[in-house]
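Data first, discussion second: the structure below is written as structure tokens.
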Amino acid sequence: MTNPLTRSLAVATAGVLGAAILHAQGRGGGEWTTSGFDAQRTGWIRSDPRISLEAMQKPGAFGPFKFLWKLKLEHDPNAPTALTEPILLDRLIGFRGFKSIAFVGTASETVHAIDVDFGVPLWKYHINYTASPPPILGGPAACPGGLTAAMSRPTAISPRAIGAGGFGDGRAGRSGGGVGEPAKGATTLATAGRGRGIGPDAPAASGTPGAGSVPGSAAAAAGAVPGGLPGGARAGGPGGGGGGGPFVPGGDAAYVVGSDGYLHALNVSNGWDNMTPALFLPANTRATGLIITTGTDGGAIAYAATTHGCGSQPDAVWAMDLASPQKTVVAFKAGGATIAGTAGLTLGRDGTVYVATTDGSAPLSNSVIALEPKTLKPKASVTVAKADFSSSPLVVQWQDRETIAVAGGGKVFVFDAALLRGGPIATVSFGSANYETGALASWLDARSTLWIAVPSARAIETFKVVEQEGKVTVQPGWARAIAAPLKPLVINGVLFAASSGTRTAPAVLYAIDAMSGKDLWNSGRTITSSVRGGLSGLSGGQGNVYVPGSDSTLYAFGFEIEK
């Protein structure tokens, strides 16, 4: 049994030293800190110390790209979802060296932190449901209940300038997790925190916020949102997310929103709460696209969308001011329209929030909508008849313009963000009009040509956006037959895509030359389950790619590092 005094000292020490967790700028292409990699949901990692066309074709010092490890986490066979898209942190410093961590959540609302160099658990945290409506788990695919949104770490709104690859071991700048005693290990190890139930062989830590008002109610509108640190309090280090940033209330934490609507900021070292859980969303909604943004003004905003009318709530975009003492929450409600896409919302480089809506009879159906940062006041919108948008918007800077791409009804629509009301500047058809593409990926090649990758029913299809004589057009690129592919990601010129798979034909991960469409590698029969898209997806970085299986097994592929 843990001595109360010892436990109190351990908690106090962890709280003080946890505040010293620092995350400096990475040397590689940035970290995967939110769904779709960055605030613009591009899925594009500009550079990587290990992954390149040359390394995939002719293995060098790191050997061949291969299967590294798999880790089975708890699984509810009745839940239509399994693991969320992995969110990554490269280089947490502890007394036993560096740790690179993946954070994933399960449908049963347990968060797992995994040492990705060894494929072993570090800690886990279970979210205790506290809302008055009973929890829902195992509902229909549209409203499955449980934890639905990928986690997030602080993410810069505008991606920094990123140089070429070739950065030695390529580890990012260091985060300091100064917890524990020299030669005894950090609190990421079981021995350091059994009083709180952390570590791989201890019961999960639990988060139980106090009761509070539901967002959207009169009390919430008046600012009576429970929890949170006092304004200006600093419980952690500066924001990471590929761009770094100012101090964020809750720190450089792993943020997660439970099905009861409470936002948790978990210490990356040990899973302890960095701030009191704060009410963010209505209970039992289908949350998606959680992102914690940092700005040069010292502000920090949490955004998320709720979709498909789950929890008897209209579709909406939500914003929480993390720097305010009350953790003030505002919402933009879509007026009966359905918000499209697996990520829900996307941010422009100036912080503008973009959402798209599906077909329907509501006034804002078939629309792309721009909202003001923080306040979510409508800024601009355009309605495209019968567009039936199905993907989250994708935003990329191209030829001095901020370009938005959205898929719907078997077409890709390209908009100039500054001229949104004028409608699409180019369109192109792809695949089947009946296939709902939930997300796109994009990248720029060496000639600054904008590429867009579209998961269609039976293939990954690519398109090039070009401007000739002042007119923007979308031209076909290459296509690769892949059955029901997930949204791809692009790392340093290599496109990774996975088939969804079935019980009899499990998923396969493919590496493809992003310029030519030439196959470079595939995982064969390594993955033994399907991979469910929609509420999950691929992520990667620092030489690795992660695939969350529908049986709650996380797979890692990459180049082996020295251990």
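The values are calculated or read from the model by the stated rules, or taken from the named source; none is laboratory data. Quantities reported herein were computed from a predicted structural model and do not represent experimental measurements. Heads up, the Cβs are rebuilt from the backbone with ideal geometry, glycines too, and the neighbour counts pull from every protein chain shown.
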**Study point:** Subset of region 91-129 [more than 18 Å from residue 253 (Cβ to Cβ) and at pLDDT below 90]
**Key:** 95, 96, 97, 98, 107, 108
Revision key, fill the gap. Considering region 330-342, residues that are touching a residue at least 40 places away in the same chain (Cβ under 8 Å) and within 15 Å of residue 376 (Cβ to Cβ), and then whichever is surrounded by the most Cβ atoms within 10 Å (Cβ to Cβ), we arrive at 332
Revision key, fill the gap. Those residues of region 416-438 which are within 18 Å of residue 359 (Cβ to Cβ) and either over 26 Å from the mean Cα position of the chain (by Cα) or of a type outside the set (S, T, N, Q) (or both) amount to 423, 424, 427, 429, 430, 431, 432, 433, 434, 435, 436, 438
Revision key, fill the gap. Out of (1) within 23 Å of residue 156 (Cβ to Cβ); (2) outside any strand (DSSP E or B), the one residue 387 does not meet is (1)
Exercise for review: Restrict the check to region 62-76 and report whether at least one residue is without any contact (Cβ under 8 Å) to a residue 40 or more places away in the chain, touching an Asp or Glu at 6+ places or on another chain (Cβ under 8 Å) and over 24 Å from residue 121 (Cβ atoms).
Suggested key: no
**Study point:** Among (1) in a loop (DSSP other than H, G, I, E, B); (2) surrounded by fewer than 20 Cβ atoms within 10 Å (Cβ to Cβ); (3) among the basic types (Lys, Arg) - the single one residue 327 does not satisfy
**Key:** (2)
Check your understanding: Can you tell which of 317, 355 is in contact with a Lys or Arg (Cβ under 9 Å, 6 or more places away or on another chain) and touching a residue at least 12 places away in the same chain (Cβ under 8 Å)?
Key -> 317
Exercise for review: Only residues in region 537-563 that are closer than 15 Å to residue 498 by Cβ count as the first member; pair them with residues that are among the acidic types (Asp, Glu) and outside any strand (DSSP E or B), Cβ under 6 angstrom, at least 6 apart or cross-chain, and list the lot.
Suggested key: 537/85; 539/85
Review point. From the list 470, 493, which residue is surrounded by 20 or more Cβ atoms within 10 Å (Cβ to Cβ) and small (Gly, Ala, Ser)?
Key: 493
Check your understanding: Given the conditions (1) buried (at least 17 other Cβ atoms within 10 Å of the Cβ); (2) modelled with pLDDT of 50 or more, and given that residue 58 satisfies all but one, which numbered condition is not satisfied?
Key -> (1)
Revision key, fill the gap. Looking across region 96-155 at residues that are among the hydroxyl-bearing types (Ser, Thr, Tyr) and crowded, with 24+ Cβ neighbours inside 10 Å, the single one that is farthest from residue 294 (Cα to Cα) is 125
Review point. Taking region 504-557 on its own, how many of its residues are within 21 Å of residue 115 (Cβ to Cβ) and aromatic (Phe, Trp, Tyr)?
Key: 3
Review point. Which ones in region 286-324 are polar (S, T, N, Q), buried (at least 18 other Cβ atoms within 10 Å of the Cβ) and within 25 Å of residue 140 (Cα to Cα)?
Key: 288, 306, 307, 313
Point to revise | Qualifying position, being surrounded by fewer than 23 Cβ atoms within 10 Å (Cβ to Cβ), of a type in the set (Phe, Trp, Tyr) and free of Cβ contacts under 8 Å to residues at least 40 places away in the same chain, among 478, 451 | key: 478
Study note, to complete from the structure: When residue 517 is run through (1) more than 21 Å from residue 404 (Cα to Cα); (2) among the small types (Gly, Ala, Ser); (3) part of a strand (DSSP E or B); (4) touching a residue at least 40 places away in the same chain (Cβ under 8 Å), the failure sits at (3)
Review point. Looking at region 354-368, which of its residues are within 19 Å of the chain's Cα centre (by Cα) and under 12 Å from residue 417 (Cβ atoms)?
Key: 354
Exercise for review: Of the numbered conditions (1) closer than 30 Å to residue 355 by Cβ; (2) surrounded by fewer than 24 Cβ atoms within 10 Å (Cβ to Cβ), residue 68 fails exactly one; give the number of that condition.
Suggested key: (1)
Exercise for review: State which residue pairs qualify: first residue more than 16 Å from residue 257 (Cβ to Cβ) and inside region 119-144, second residue surrounded by 14 or more Cβ atoms within 10 Å (Cβ to Cβ) and acidic (Asp, Glu) in any location, beta carbons under 6 Å apart, and separation of 6 or more residues or different chains.
Suggested key: 122/115
Check your understanding: What are the residues in region 520-547 that are modelled with pLDDT of 95 or more and in contact with a Ser or Thr (Cβ under 6 Å, 6 or more places away or on another chain), if any?
Key -> 546
Check your understanding: Take the residues of region 488-500 that are modelled with pLDDT of 95 or more and assigned to a loop (DSSP other than H, G, I, E, B): which is nearest to residue 556 (Cα to Cα)?
Key -> 488
Review point. Quick check: anything in region 471-485 in contact with a Leu (Cβ under 8 Å, 6 or more places away or on another chain), not acidic (Asp, Glu) and not in a loop (DSSP other than H, G, I, E, B)?
Key: no
